[in-house]
Every structure is written in C-alpha cells, then in structure tokens.
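Have a look at the structure below before the remarks.
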Amino acid sequence: MVNYHWGDVRTSVGSYSHSILITTSTLKVLEENIVRSGRMKLRLTFKILTFLFFFNSHANENFREITVTSSKLLDEQLTGATTHVLDEEFIKAYPNDSLVQIISRLPGIEFKSLYGTGFGAKESIDIRGFADAAKSNTLILLNGQRLSNIDASFVDFTTMPVSSIKRIEIIKGGSAGVLYGSNATAGAVNIITDQFIKDKDSFGASTAFGSFGQFEASFSGSKVFENFSVSSNANYSKADGYRRNNELRQQNANLEINSQVNKDTLLHFNITGDKQFMGLPGVVAINGWPDTTTDYYKIDRRRSATLADFATSNGAKAFYSIIHQLETNKEVIIDGSYRFNHSEGFFTTGVTDTKLNSVSLNPKIKISNKFLGRSLEIISGIDSQYTYYDSDRMASDGFPTKQIYKFSDSNLGLYFNSDLLLTKNLRIGLGARYQGNWLKASDSVGPASGAGKDFEDSLTFEPLYAYHFGIENNFDQYGTLFGRISKTFRYPNVDERIGALGFSVPHDFKMNSQISNDFELGHKIKYKKLSISNSFYYMKIRGEIYFDAVDFLNKNLPATKRYGFESLLTFKPIDKITISNSFDVIKAKLREGPNYKGNEIPGIPSMTNKFNIDLSLLDGITLFANVNYRGSSRLINDTKNFQIKNPEFVLTNIGIKGNLKGLDYSLIGYNVTNKKYYRYGVGSASAYNSASVYPMPEFTLFGKISKRF
C-alpha cells in the first residue's frame, strides 16, 4: 500500500521547525540549442538519478513511512534553515484574514497591499525586505509548482480556496534556491492542498460580508468512489473598494481528482479557472501631481486620480502529480503544470494586452536509507519549464499597436538535497543545483510609433548554480542550535529587461543576473508551554536588480547587504489562553557605489512586531485580538535617502469566533482605533516632501459564516 500521511504536523502558532503562439522555427532553434548545450548535463543528470535509484536498494524495516506530498522538504525541514510549517489548525485560526495576511504573521515576512480591497486581491509577500522587487525574490508555489511569473505581475492568491489548503511551507533565505531555483533569494512559500482521496462525501458553503460592500459566497463538495474521489469548489467575491474606482469582482472554480491507481501509485489532478476585474484608483498625492502645493492625502484619502483605469485578468491552471512507491524507502514523483493567463490594463496613458503560457515537468525521487550506518534521506530531480510571453502596448483600446514584446524563456535544472543524521542529536544537510536558462526576446516597434524598428535577441544560454550547507545540534534541555550557508541566483524578469524606455525605442534586454550569498545562525527551545526561536541572518548580493527612479532605468545595483534578527514566541499559560508574538529587525543597505554607498534601500520597514492573543472563555466562543506595529521605511524611489519616510503605525484588530451548533462563525473589527495610514508610498526623486501614496481603510468590519454537511 502507498503510505500517505502528513507526518508530524505542527500545531503551535508559527509552527517553527528547522527540521501561445510558438512557431515551429522557434521550437526547432530551442531544441537544437538545448541539445547542443545541455547534452553533457542531461547525461550527468540521468547518471546521478540512476545511482540514487539503485543506491542501497534493500529497504530497512525500521525506516519511517515516506510522506507523500508535493513537498521537497526532507522530514519537514531544510536542515539549518528557518523553516515554518503552517498546518490546517493554524490557517483556520484566522478565518477572516487573506492567505497573504496569514503567512505574514510570521517574523521577517511583510505583505504589500495597494488598495486594501480584501480577499488577498493585489497583495504580495515580502520575505526579508525586498520591497518592490519582492515578487521576483520570494518564490510562490502551489503543490510544488511555480506560480511566480517571468514578469513582475502579482501572484493571485484569491484563486486559492483556503478551505482546500492542507499546509503551507515557508523556507527563509537563499537555501530555498537549491530546491526551487531562480527567484528564491529571500525564500520560498509552498502552498499544499489536500491531494489524497477524501474520507467521505461532503458539502460545504460559506458567506462573508464586510465594510465597503465586501461580499463573498463559496461552495465546495466531494464525492468518494471506490478508489478515487472528485472534489470541486467555486466562489464569487466582490467589493466596492475603500477608494473611488476601486471595485473588485472575482470568480474562481476548481475541480480536483485524487485516485489510488494501484497499491503503489497515487494520482492527483487539479484544474482551476479564474476571472477578475479591478478598478485602479491610482495614487493620492502629497504635494505632487497635479498640484505640488496641495496635500490630497489630508483633504480626501478616498479620492481617485484615475477614474477610468481598470484591469482584467482571465486564467486557467492544470496541475498533475503521479506518486509511485518503488519500495518502502523509495518514492518516485512526476509532477507538472500548465498555466495560461490573459491580462489587460486600461490606463489613461495606454493599454497593455499580455498573454502568458507556461508548461513545466518535474520528475524527482525521494530515498530514505542508511549511509555508513547513519540515517540518510535524499531528494533529487530535474526541473524543466518553458514560458512564452506576448505583450502588446497601444495608446488606447482599439488603436494600432505601438510596441510588441515576445519572450521565450526556458529553464532546465538538476538538483539534489540530502539530510544525514550523524548522531541522535547532530544533523547536517547538503544540497546543490545547476540550472541553465535559455532566453530569446524580440521588440517590434509598430507603425503607430512612427517607426519600423525591430530588435531580436538570438537564443542566449546562461548557466548558474546554487548550494546549501546546514547543520543543527540538539542540546536537550538547552534547545537546538542551527546554522547554514548558501548561494543562490535569480534571472532578471521580463519587465526588468524591458525597463521604462518610451515607445519607438527598441530594447536590447541586457541585464546581469543577481547572485546572493548568505548565512544564518539561530537557536530554538521549548520548555513546557513556552517555545522561543531566534535567528540572525546576513546576506550579500551582487547585481541586485532595482528600478532607479533618478535615471528611470532598471539597474544592477552595486553590492548590497541585508542583515536582520527574527524572533518568534508562543506561550499557552493555560488551556484557554494562547499568546504569540513575532518580532524582527532588518537593515538593507548599498555596500558600494559613489552616489549611494551606505544608503538604505527603499521600501523596507526597519522593525515590525505582531502580537496575538486568543481567549477561549466558553465552549464555542473565542475572543481574540492582535496588535501589529510596522516601523518607518524609505519611500520607493528614494535611493538618495533625502525624502520624507513612510511613517510608522500601529493597527489593533479585535474579534470573536467559534462554533454554534455546527455553524462556524467569526466577526472581526480591523483597525479599531481608526488609524489613518498607508503601507506603500513612492517619493519624488527631486522634490522634497512630495510623494504618491496608497491609503489603506480606517475601521472596517468583516464577518464570515460557514457550514460543513
């Protein structure tokens, strides 16, 4: 039988462990280059996999059951790295929060929100302070498959039904790049849904409602057959928005099939579709456009500078996973995905029409074994992905095209990671990745620009590598000491290559890749009902990719550094009270450069603290409160560090949740002190005390009711 379970799923707050259009000629050129440049690498790949496959093939009866999930972690950890595993209990403890907000309760993780519309729309995760570039430095995955795109677009968290999420794995730091490759400089977030045959037929429904016209209705159901189950869910969300011209309409649908094909093989298939409309209110100016002497933020926080701007998005995703258990200690997983997204932006300054198609195939093998009498676990595999990007830019809807960008982006990576238990208390981890990127790009300047220029880059190949070495030792009652070193990389995204040059100017798409070296030291201890974990990290980056508003260019910055301290505490003095607190301090600075040496990198709060308390006073009734502090930060664009700062703020939220006769309910008041604040602001590169900001809502109410049948 296939042994599938979730292992030691942690239940404490913060659960902390260390523990399309593709032409025939394009495809032909791609194939020829891959074969020519990668023949030796592919031979090496299969030799390594063959060795791992046959390595000590006799199973040991005492080995633990292999955890069948879409996870690349070994024993739910990346040795020496800060690894958080959030289980169902943790996720369900915050029924009113978006998925992004739930993840951001951990130390060292912030979220970016431009509008505060709710439901996670246009929100993004920022691990360890990358601000505007966070979407390209924090990798987001669903069941081990990439959701982060090759451009700077948002990952749409609203398309993921929270009710189907089994767990969330967060790996902080560049060590995540060994497992997942590019875009994991800051870390990776892997959202894992329930991929196993359901226990019984079920049906669920929920509705949510809140201030500013927030409404959501969702339905889900599962049907169990002899050796497989079919599940589906659908939801509709809408909101008027806090600001004018900020309406949201979202529709999602999901179909999932889980099957036990035979006693050793499990199959998972999932297909989703989504559709979104969102009004774009633009910025609110502080002594900026259109009047440099007027503070519109004080006069009318809810105003819209762009009453006609809006964006639409339509997408579909298909994921599959085949898990085959060869022996008690060997497991082969073949998974992959196809993603399509068509997004359009309608602005007063122009229209964008972008299509993105992406296909991936990722075979891997997991082995639990003995090496020189010691417990050894290994995961190794091949990651391959092909993405085709096609974007048209025009002056207005229906007008001739000004510029057309086409990218074909291919990645092929070989990786392994190992976890060796040397003694009962000492564990080491070692991993490496070698990855190649093939890129072909073209820029067609259309007749609407008054020019006929074209630029087409030949197929280029860039190989890079990453490594991870981690160690941890358990000192029994004195806790566990851990540490790691790593190197990782990221390739520039499409929008960074295109830059901000005007129409009729062809691009050459040249930018260097970003390289990061970092290390981390930490300690965790658990004593009775108290657990504390602390870690310090230091990161040195070469070629950090950043938009410089002074020159209006995307640049590879001179050498930069990041360092910080993170702390997570959970305490349960009695069964009815749970307290948690996460705290972090971060500094991000330029290490070199005649104009910016020693300057802070904009958009990164220097300090954050998140406090939460739950009081279960009566059966079925829990009162809760959380107080969140966010320190000041430099405005985006303020590389010169001369501008005013984003001010610090404290938000207090109070609510009630519970279960009444099988009906789950929750009601929360966000920002009960009616604080006026903004999370994101862009400063003028030349005029002091001039900024463009995105105000967040003051006091709001949000309630939710759900029922399972």
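The values are calculated or read from the model by the stated rules, or taken from the named source; none is laboratory data. For clarity, every value in this text was computed on a predicted model and none was experimentally measured. Methodologically, a virtual Cβ is constructed for each residue, glycine included, from the backbone with ideal geometry; neighbour enumeration extends over all protein chains shown. Ligands, DNA and RNA are excluded from the accessible area calculation, which covers all protein heavy atoms including side chains. Shrake-Rupley method; radii C 1.70, N 1.55, O 1.52, S 1.80 Å.
Structural remarks
- Per-region count, segment 157-178, residues modelled with pLDDT of 85 or more and crowded, with 20+ Cβ neighbours inside 10 Å: 14
- When residues of segment 556-579 are limited to those that are crowded, with 21+ Cβ neighbours inside 10 Å and either at pLDDT 90 or above or acidic (Asp, Glu) (or both), the one farthest from residue 525 (Cα to Cα): 562
- Meets criteria (of a type in the set (Val, Ile, Thr), open to solvent by 10 Å² or more (accessible area, probe 1.4 Å) and assigned to a strand (DSSP E or B)) for residue 608: no
- Residues in segment 486-507 that are modelled with pLDDT of 65 or more and either in contact with a Lys or Arg (Cβ under 9 Å, 6 or more places away or on another chain) or not β-branched (Val, Ile, Thr) (or both): 486, 487, 488, 489, 490, 491, 492, 493, 495, 496, 497, 499.
- Output for segment 455-498, where each listed residue is surrounded by 16 or more Cβ atoms within 10 Å (Cβ to Cβ) and on the phi > 0 side of the Ramachandran plot: 479
- Long-range neighbours under 6 Å by Cβ, at least six apart or interchain, first residue under 22 Å from residue 280 (Cβ atoms) and open to solvent by 40 Å² or more (accessible area, probe 1.4 Å) within segment 685-703, second in a loop (DSSP other than H, G, I, E, B) and of a type in the set (Asp, Glu): none
Conditions tested, residue by residue: (1) among the basic types (Lys, Arg); (2) part of a strand (DSSP E or B); (3) over 30 Å from residue 431 (Cβ atoms).
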| site | (1), (2), (3) |
| --- | --- |
| 331 | no, yes, no |
| 344 | no, yes, yes |
| 357 | no, yes, yes |
| 381 | no, yes, no |
| 384 | no, yes, no |
| 397 | no, no, yes |
| 406 | yes, yes, yes |
| 414 | no, yes, no |
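- Selected residue [in contact with a Leu (Cβ under 9 Å, 6 or more places away or on another chain), within 30 Å of residue 484 (Cα to Cα) and either of a type in the set (Ser, Thr, Tyr) or in a helix (DSSP H, G or I) (or both)] from 182, 232: 182
- Qualifying residue in segment 152-162 (condition: part of a loop (DSSP other than H, G, I, E, B), closer than 25 Å to residue 254 by Cα and charged (D, E, K, R)): yes
- Residue match in segment 621-628 (condition: of a type in the set (S, T, N, Q), open to solvent by 50 Å² or more (accessible area, probe 1.4 Å) and either part of a loop (DSSP other than H, G, I, E, B) or out of contact with any Ser or Thr (no Cβ under 6 Å at 6 or more places or on another chain) (or both)): no
- Against the numbered list (1) open to solvent by 20 Å² or more (accessible area, probe 1.4 Å); (2) touching a Lys or Arg at 6+ places or on another chain (Cβ under 6 Å), residue 316 comes up short only at (2).
- In the set (1) open to solvent by less than 20 Å² (accessible area, probe 1.4 Å); (2) over 30 Å from residue 489 (Cα atoms), the condition left unmet by residue 181 is number (2).
- Scanning segment 82-95 for residues that are in contact with a Ser or Thr (Cβ under 7 Å, 6 or more places away or on another chain) and open to solvent by 20 Å² or more (accessible area, probe 1.4 Å) gives 89, 95.
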